[in-house]
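Student: Pasting in a structure now, in structure tokens, and then I'll have a few things to ask.
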Amino acid sequence: MLTKKQHQLLMFIKSRLDQGGISPSYEEMKDALGLHSKSGIHRLVKALEERGFIRRLPNRARALEIVKLPDTTAAPVQKDLGLDDEVGNVVSGVFGPKSGIQARADIDAPVEIPLHGRIAAGTPIEALQNTDTFISLPPDMIGRGTHYALEVSGDSMVELGILDGDTAIIKQCNTADNGDVVVALVDGEEATLKTLHKRGHQIALKPANQSHSTQILPASRVQVQGRLVGLLRRY
């Protein structure tokens, strides 16, 4: 049994394939379903793939194939009950003694957030955007709100344990408190990961490495893009 959003996405993919033989992009899927982020589409696609309704064709970008369609004689598609329109937590309409266990298993399932590229923990670099790559996190690692991930490049935050090659988990926001480690966009072009300090009409972006200098900039040149809430590291 598919959730309402899963069924809508499956039918949208089918209609696009029927029209031109090319599956829609994640951006087109997001707009068609009225979702706020492509990470929600990624989870829906994964759910359809796991349930055997679609499959991805190897070595081809944006290549999806319809494997089967829902049985039209089955019970109506279940409503998502407002738990999460993007995830679609309800997977069955037959609620026996184990239904609570199934619902809990879905809630505890890994959460996928977009990996947007690299961010400097040193000299600012241009923030890359790669919204077709996602990483999975335990649901209790992040709270409410929109989150994304960035790969750390540089050594300016090593004294806070943020190392070159780490993956920074960022909660999207446009304000921060003094002492927060933030993604700061400078002049609308370059992004850096630094500790933020407000000094009147100026912003100080402070590194955690004595070999690096603090940047002091007019507040008008700095835009907070998010706040560090977690860190991943591979050994």
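The values are calculated or read from the model by the stated rules, or taken from the named source; none is laboratory data. The shown structure was predicted, so the numbers you read here are calculated from the model rather than taken from an experiment. FYI the Cβ positions are ideal-geometry reconstructions off the backbone, even for glycines, and counts take in every protein chain you see.
Student: For the range 154-172, what are the residues that are buried (at least 16 other Cβ atoms within 10 Å of the Cβ), under 24 Å from Ser37 (Cα atoms) and in contact with a His (Cβ under 9 Å, 6 or more places away or on another chain)?
Tutor: Listed by number, the residues that qualify are Ile169, Ile170, Lys171.
Student: Separate question: Search the range 64-85 for residues being modelled with pLDDT of 75 or more and in a loop (DSSP other than H, G, I, E, B), and hand back the single one that is nearest to Phe12 (Cα to Cα).
Tutor: It comes out as Leu69.
Student: Restricting the range 40-63 to residues that are out of contact with any helix residue (DSSP H, G or I) (no Cβ under 9 Å at 6 or more places or on another chain) and part of a helix (DSSP H, G or I), which is surrounded by the most Cβ atoms within 10 Å (Cβ to Cβ)?
Tutor: Among those that are out of contact with any helix residue (DSSP H, G or I) (no Cβ under 9 Å at 6 or more places or on another chain) and part of a helix (DSSP H, G or I), it is Arg43.
Student: So which of Asp187, Asp166 is at positive phi and not small (Gly, Ala, Ser)?
Tutor: Asp187
Student: Out of Ser23, Ser15, Ser39, report the one residue that is touching a strand residue (DSSP E or B) at 6+ places or on another chain (Cβ under 7 Å) and over 21 Å from Val111 (Cα atoms).
Tutor: Within the list Ser23, Ser15, Ser39, the selection yields Ser23.
Student: Same structure, new question: If you scan the range 30-41, which residues turn out to be closer than 20 Å to Leu2 by Cβ and at pLDDT 80 or above?
Tutor: Lys30, Ala32, Leu33, Gly34, Leu35, Ile41
Student: Looking only at residues in the range 132-158 that are polar (S, T, N, Q) and assigned to a strand (DSSP E or B), which one is farthest from the chain's Cα centre (by Cα)?
Tutor: So, considering only residues that are polar (S, T, N, Q) and assigned to a strand (DSSP E or B), the one farthest from the chain's Cα centre (by Cα) is Ser153.
Student: Starting from the range 14-36, keep only residues that are assigned by TED's automatic domain parsing to the domain that holds Leu57 and without any contact (Cβ under 8 Å) to a residue 24 or more places away in the chain, then list their pairs with residues that are in a loop (DSSP other than H, G, I, E, B) and surrounded by fewer than 18 Cβ atoms within 10 Å (Cβ to Cβ) whose Cβ atoms are within a distance under 6 Å, requiring at least 6 positions of separation or different chains.
Tutor: Taking only residues 6 or more apart or on different chains, not a single pair turns up.
Student: Follow-up question, since we're still on this one. Within the bounds of the range 136-153, is there any residue that is among the small types (Gly, Ala, Ser) and either surrounded by 14 or more Cβ atoms within 10 Å (Cβ to Cβ) or modelled with pLDDT of 90 or more (or both)?
Tutor: yes
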